[in-house]
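To keep things clear, I will list the structure first and then write my remarks on it.
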Amino acid sequence: SSGINAEYGGTLKPAENFNPEVDCNLLRAAFSGIGTDEKTLIDVLCKRSIDQRMEITKLYKTMFGKDLVKQVKSETSGNFREVLVSLCNSTPNFLARICRNAIRGAGTSEGALINVLVGGTKQDIAAIKDAYRTKYKKDLESDVAGDTSGSLKHVLVALIQGNRSENGVDHTQAISDAQELYDAGKARWGTNESAFNKILVSRSPKHLKRVFNEYRNIANGEDIETAIKSEMSGDTKDAFLALVRVIKDAELYFAEQLHKSMKGLGTNDDKLIRLLVWRCEIDLDEIKTCFKLVAKGETLEEFISGDCSGDYKRALLTLCG
């Protein structure tokens, strides 16, 4: 489970009476006819849990001597292909692949790194680092450090350490943390980002919620987000805002990110796919509820239906439950 806060439900549940052999035969048949049978691909891959999908990819190779991911890649295209390939990877491999693509692309996609490294739990990050090393024979920390700069680099490298405390609230410490954040940002010219980094990256979520309340008391009712928005800019601002929002309410943060990926002109398909595939078995149920608040009454499904089409749309809607 990967929700940083409470445990919520996913929208994609394990299939009952799961039979991997039957599924492998269905997939093989879907590729064998004239043209690919996309409906079957969706019915199998978008309706099986991660453990079931891993069993299918393993057995597929045993039964047919073919790599399922390679077949999916050669028989499908575009965003639909991206959804299916993402579903055929284990979660750590899937998240490691996002980090790798974010770094390797023309210009780093900082948004993707922030989503994954801020949204991931301690366990997630440890697993991503291992998967990254195994898959790419490279070190995630050095790659991120080599590809980003300044304050953003410091935040991301700090997050990759995965050293967030799991302790409860220390009231005295919370007051001094809040004061330190206030002094680092509001109270003097030029923001001291290292104080933000140290506190926001290393303290436990429970403790930070208390820190944010104490901050409000010190700052005459102003929220820490307001300070970050006025004191910082660009990717650094986005990273610190994401840190604060994930601590306050991870599901609301993911809902806002999904909304951002679709509102306005054009769709950020990479982000949409990344968030849906990642969260559909963790907390997408709760994210859908938050989405409705963010989108002033429109549902996630309505947004997807308006923004996407064809098999791609059908695949995403299936993941939404």
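The values are calculated or read from the model by the stated rules, or taken from the named source; none is laboratory data. Predicted model, so just to flag it, every value in this text is computed and none were measured. Don't worry about glycine lacking a Cβ; one is built from the backbone with ideal geometry, like all the others, and counts go over all protein chains shown. Surface areas here come from the heavy atoms of the whole protein model, side chains and all, with no ligands, DNA or RNA. Shrake-Rupley method; radii C 1.70, N 1.55, O 1.52, S 1.80 Å.
Within segment 149-165, the set of residues being of a type in the set (Gly, Ala, Ser) and either open to solvent by 70 Å² or more (accessible area, probe 1.4 Å) or assigned to a helix (DSSP H, G or I) (or both) comprises SER149, GLY150, SER151, ALA158.
In segment 242-259, which residues are closer than 10 Å to VAL118 by Cα and more than 13 Å from the chain's Cα centre (by Cα)? VAL244, ARG245, ILE247 - these are the residues of segment 242-259 that are closer than 10 Å to VAL118 by Cα and more than 13 Å from the chain's Cα centre (by Cα). Does at least one position in segment 5-13 carry a residue that is assigned to a helix (DSSP H, G or I) and open to solvent by less than 40 Å² (accessible area, probe 1.4 Å)? No, segment 5-13 contains no residue that is assigned to a helix (DSSP H, G or I) and open to solvent by less than 40 Å² (accessible area, probe 1.4 Å).
The set of residues from segment 274-307 being surrounded by fewer than 17 Cβ atoms within 10 Å (Cβ to Cβ) and outside any helix (DSSP H, G or I) comprises LYS296, GLY297, GLU298, THR299.
Entry remark, segment 100-119: residues being part of a helix (DSSP H, G or I) and open to solvent by 50 Å² or more (accessible area, probe 1.4 Å) number 2 in total. Can you find a residue that is at pLDDT 95 or above, more than 26 Å from ILE228 (Cβ to Cβ) and in a loop (DSSP other than H, G, I, E, B) anywhere in segment 120-131? For segment 120-131, residues at pLDDT 95 or above, more than 26 Å from ILE228 (Cβ to Cβ) and in a loop (DSSP other than H, G, I, E, B): absent. Residues in segment 122-144 that are open to solvent by less than 40 Å² (accessible area, probe 1.4 Å) and touching an Asp or Glu at 6+ places or on another chain (Cβ under 9 Å): TYR132 only.
Considering only segment 166-174, I want to know if a residue exists there that is surrounded by 20 or more Cβ atoms within 10 Å (Cβ to Cβ), touching a residue at least 60 places away in the same chain (Cβ under 8 Å) and not acidic (Asp, Glu). Looking for residues that are surrounded by 20 or more Cβ atoms within 10 Å (Cβ to Cβ), touching a residue at least 60 places away in the same chain (Cβ under 8 Å) and not acidic (Asp, Glu), one finds none in segment 166-174, hence no. Within segment 251-273, residues that are open to solvent by less than 10 Å² (accessible area, probe 1.4 Å) sit with their Cβ atoms under 7 Å from residues that are in a loop (DSSP other than H, G, I, E, B), at 6+ positions apart or across chains, in these pairs: GLU251/TYR8; GLU251/ASP283; SER261/THR267; SER261/ASN268.
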